[in-house]
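One structure below.
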2 protein chains.
Amino acid sequence: MKKTTENIVFKDDSKQLARFAKALGHPTRIAILKHLEHQSCCFTGDLVDIFPLAQSTISQHLKELKDAGLIQGEVNPPKIKYCINKENWKTAKALFQGFFE
Amino acid sequence: MKKTTENIVFKDDSKQLARFAKALGHPTRIAILKHLEHQSCCFTGDLVDIFPLAQSTISQHLKELKDAGLIQGEVNPPKIKYCINKENWKTAKALFQGFFE
DNA sequence: ATAACCAATCGTACTTTTACGATTGGAAAT
DNA sequence: ATTTCCAATCGTAAAAGTACGATTGGTTAT
């Protein structure tokens with residue numbers, strides 16, 4: 001068996017914390033989340049206006065945040081409304097809090 | 001001018017937070033930091049024993065943590081003692097706390 | 001039906017990260 | 001002086017991340 005990080009047994013908490021941290025590890029994604037915290041929800045288009053980045057790039061960042069569980073999207077035709085995923089947000093907060101004790 | 005993230009103006013806090021988060025974005029580095037929190041300091045060799053990773057890989061992770069400012073190394077011949085950088089740790093803690101409010 | 005609109009996905013290029021073994025460098029011990 | 005030991009650095013390969021423009025898909029309006 002090839003020796004990769006996947007074969008190391010980490011505590012679930014460490015893995016989950018690293019997963020959240022990784023999602024937070026880009027200034028654009030921090031900015032997106034700060035924006036969402038501020039006004040609870042927003043549309044992809046809003047962000048495209050705010051950041052000088054291509055629509056596809058913003059979409060990619062949103063996907064990362066969604067995959068990490070930090071946000072969720074609701075269809076709100078013809079737009080998609082993104083909000084903080086409050087449950088996972090609480091989990092993340094607790095994990096970081098515990099980590100920094 | 002090429003349009004890259006570097007040309008976007010982020011708040012310093014967002015950049016710093018993303019920087020810390022990125023450093024925390026790998027389970028091995030989380031585990032290293034948890035280990036350091038536990039026993040305040042350790043040597044590279046200790047970690048090489050704990051993790052089934054090559055010495056050079058551990059060294060690389062330590063460098064990342066050092067570059068992000070989360071740890072610091074003191075020469076303690078013939079070994080090098082790594083400790084949490086308490087000042088920056090406090091900063092990181094405050095930034096994450098503020099972020100999750 | 002078709003046009004318009006928003007956002008996801010595809011294809012692509014480039015950079016960065018993660019891992020390894022091998023080598024180097026510096027300090028302590030023989 | 002030489003050997004030993006620890007840890008950093010180098011070189012390299014494979015995978016993941018970041019960005020773009022172009023395309024697709026699904027909804028609402030015309």
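Could you figure out which of (1) modelled with pLDDT of 95 or more; (2) surrounded by 15 or more Cβ atoms within 10 Å (Cβ to Cβ) isn't true of B:Leu47?
So B:Leu47 meets the others, but not (1).
Using the structure shown, decide if A:Thr44 is of a type in the set (Val, Ile, Thr) and within 14 Å of chain B (Cβ to nearest Cβ).
no
Out of the stretch B:1-20, which residues are modelled with pLDDT under 65, part of a helix (DSSP H, G or I) and either within 13 Å of DNA strand C (Cβ to nearest atom) or touching a Cys at 6+ places or on another chain (Cβ under 8 Å) (or both)?
Matches in the stretch B:1-20: B:Thr5, B:Glu6.
Quick check, is A:Asp67 within 13 Å of DNA strand D (Cβ to nearest atom) and either out of contact with any Phe, Trp or Tyr (no Cβ under 7 Å at 6 or more places or on another chain) or of a type outside the set (Gly, Ala, Ser) (or both)?
Here the answer is yes, as A:Asp67 does meet what is asked.
Condition first: in a helix (DSSP H, G or I), more than 8 Å from DNA strand C (Cβ to nearest atom) and touching a Leu at 6+ places or on another chain (Cβ under 9 Å). Now tell me which residues in the stretch A:48-63 satisfy that.
A:His61
Checking the structure you have, find out if any residue of the stretch B:71-91 is of a type in the set (Gly, Ala, Ser), surrounded by 12 or more Cβ atoms within 10 Å (Cβ to Cβ) and either at pLDDT 95 or above or under 10 Å from the mean Cα position of the chain (by Cα) (or both).
Within the stretch B:71-91, not a single residue is of a type in the set (Gly, Ala, Ser), surrounded by 12 or more Cβ atoms within 10 Å (Cβ to Cβ) and either at pLDDT 95 or above or under 10 Å from the mean Cα position of the chain (by Cα) (or both).
For the stretch B:65-82, check the following and say yes or no: at least one residue is in a strand (DSSP E or B) and touching a residue at least 40 places away in the same chain (Cβ under 8 Å).
yes
Against the condition in a helix (DSSP H, G or I), modelled with pLDDT under 95 and either away from DNA strand D (no atom under 12 Å from the Cβ) or open to solvent by less than 30 Å² (accessible area, probe 1.4 Å) (or both), how does A:His35 come out, does it pass?
Here the answer is yes, as A:His35 does meet what is asked.
Which one is nearest to the other protein chains (Cβ to nearest Cβ), of the residues in the stretch A:47-64 that are more than 8 Å from DNA strand D (Cβ to nearest atom) and more than 25 Å from B:His26 (Cα to Cα)?
Among those residues, the one meeting the criterion is A:Phe51.
Can you say whether A:Ala54 is at pLDDT 95 or above and either in contact with a helix residue (DSSP H, G or I) (Cβ under 7 Å, 6 or more places away or on another chain) or among the basic types (Lys, Arg) (or both), as far as the supplied structure shows?
When the stated conditions are applied, A:Ala54 does not pass them.
May I ask you to list the residues in the stretch B:24-51 that are in contact with a helix residue (DSSP H, G or I) (Cβ under 6 Å, 6 or more places away or on another chain) and among the small types (Gly, Ala, Ser)?
B:Gly25, B:Ala31
So is B:Ile30 β-branched (Val, Ile, Thr) and under 9 Å from the mean Cα position of the chain (by Cα) or not?
yes
Only one of these conditions is not met by B:Pro27: (1) in contact with a strand residue (DSSP E or B) (Cβ under 6 Å, 6 or more places away or on another chain); (2) within 26 Å of A:Ala92 (Cβ to Cβ). Which number is it?
Here B:Pro27 meets the rest and fails (1).
The values are calculated or read from the model by the stated rules, or taken from the named source; none is laboratory data. For clarity, every value in this text was computed on a predicted model and none was experimentally measured. Don't worry about glycine lacking a Cβ; one is built from the backbone with ideal geometry, like all the others, and counts go over all protein chains shown. Protein only, heavy atoms only, side chains kept; ligands, DNA and RNA dropped before computing areas. Shrake-Rupley method; radii C 1.70, N 1.55, O 1.52, S 1.80 Å.
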